[in-house]
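Worksheet: the structure to be examined is printed underneath.
Each value in this text was obtained by applying a stated rule to the coordinates, not by laboratory testing. Remember, it's a predicted structure, so these values are computed and weren't measured experimentally. Virtual Cβ from ideal backbone geometry, glycine too; neighbours counted across all protein chains shown.
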Amino acid sequence: MLVTDCSRLRGRSLEVVASLAVEGGATVVQLRENDLPTRELYDLAITLRAVLRGRALLLVNDRVDVALAAGADGVQLPERGLPGKAVREIAGEACILGRSVHSVDAAVHAEAESADFVLVGTIYATASKPEQTPAGVELVRAAVQAVRVPVVAIGGVTAENAGELIEAGASGVAVIGAIMDADDPKQAAAELRSALDAAVEGWPAHPAGGPR
């Protein structure tokens, strides 16, 4: 999953960076531009929806209204965002519902509130959230054991450490800097995808608690 940050575009358009990331192997793009006015966020979501349709899923961070209005595939809720059941009533069962969490208890609560997956972090030190103390791979391992929904790891993920997250049971990873800061977003995404695929191939039987 590519999580967007328009402050790191360096003169490039977001749709180009997102498209290149998908060409490299990203399967989900989360539009996370909470500082944008509603109309600008909606316009950007519409643009990304047109670029990504049939190629990757589009999630909008927090803004259920914008996600629905733009025809996005789903919404990524913050840990203390709207209750999942309330979002289900608004958006329906077809809307993909992710929840960002920072603890095992929060992951369990998110699953109980109809989350389709949990985004767990911050795993490693990251420039995106320098104030966050890294939780380490053990948080991923514990969350995987506690919930049945897919666990996606975020925070300081790179091609060098992504494999150990899959080995810990994560179903995938989410990145900001690893792609947004790259000179070649396509190549950066391809390196991440290659690392994930190699880790999955290393689990011949996909044991309980392993990658799904």
Globularity index of region 2-201, i.e. its alpha-carbon radius of gyration over 2.2 N^0.38 Å: 0.95
Among G92, A135, L119, whose Cα lies farthest out toward the positive end of the dipole of region 2-201, if unit charges sit on the beta carbon of Lys, Arg (+1) and Asp, Glu (-1)? G92
Along the charge dipole of the chain, Cβ charges K/R +1 and D/E -1, which of L9, Q76, I179 sits furthest on the positive end? Q76
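Peptides 166-172, 21-27: what's the order by average Cβ count within 10 Å, highest mean first?
Working: 166-172: 22.7, 21-27: 20.9.
With the highest mean Cβ count within 10 Å placed first, the list reads 166-172, 21-27.
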At a temperature of 10 °C and a viscosity of 1.306 mPa s, determine how fast region 80-186 diffuses translationally according to Stokes-Einstein, using the Kirkwood radius over alpha-carbon pairs as Rh; express D in µm²/s, rounded to the nearest whole number. 111
Give the separation of the Cα centroids, region 1-67 to region 88-102, in Å. 18
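Per DSSP helix of 4 or more residues, -39500 (n - 2.57); summed, then divided by the residues of the chain. What does that give at 222 nm, rounded to the nearest 500? Working shown, then result.
Details: 9 runs with 87 residues, N = 212.
Calculated mean residue ellipticity at 222 nm is -12000 deg cm²/dmol.
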In sequence order, what are the phi-derived ³J(HN,Hα) couplings for region 184-196 according to the Karplus relation 6.51 cos²θ - 1.76 cosθ + 1.60 with θ = phi - 60°, rounded to whole Hz, with x for glycine and proline? 10, x, 5, 5, 4, 5, 5, 5, 5, 4, 4, 5, 5
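Applying a 10 Å radius around every beta-carbon, put 89-101, 147-159 in order of their mean neighbour count, most first. Display every interim value, and only then the final one.
Details: 89-101: 17.2, 147-159: 21.9.
Descending mean neighbour count gives 147-159, 89-101.
So if each residue of separation counts as 0.36 nm, and I subtract the Cα-Cα distance between D35 and D65, what length gain in nm does that give?
Numbers: separation 30, 0.36 × 30 = 10.80 nm, distance 1.55 nm.
Between D35 and D65, full extension yields 9.2 nm more.
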Spin-label model distance (nm) - S13 vs Q145, 7 Å beyond Cα toward Cβ: 4.9
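Any chance you could run the full-extension gain for A127 through I46? It's 0.36 nm times the residue separation minus the Cα-Cα distance, nm to one decimal. Don't jump to the answer; show the numbers that get you there.
Working: separation 81, 0.36 × 81 = 29.16 nm, distance 2.85 nm.
Additional length available on full extension: 26.3 nm.
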In nm, to one decimal, how far is the D197 label point from the R55 one, both placed 7 Å along Cα→Cβ? 1.8
Long-range amide H partners of V60 with built H, under 5 Å: L31, G74, V75, Q76
Under a Cβ-only charge scheme (Lys and Arg +1, Asp and Glu -1), can you give me the dipole magnitude of the chain about the Cα centre, in debye to the nearest 20? 320
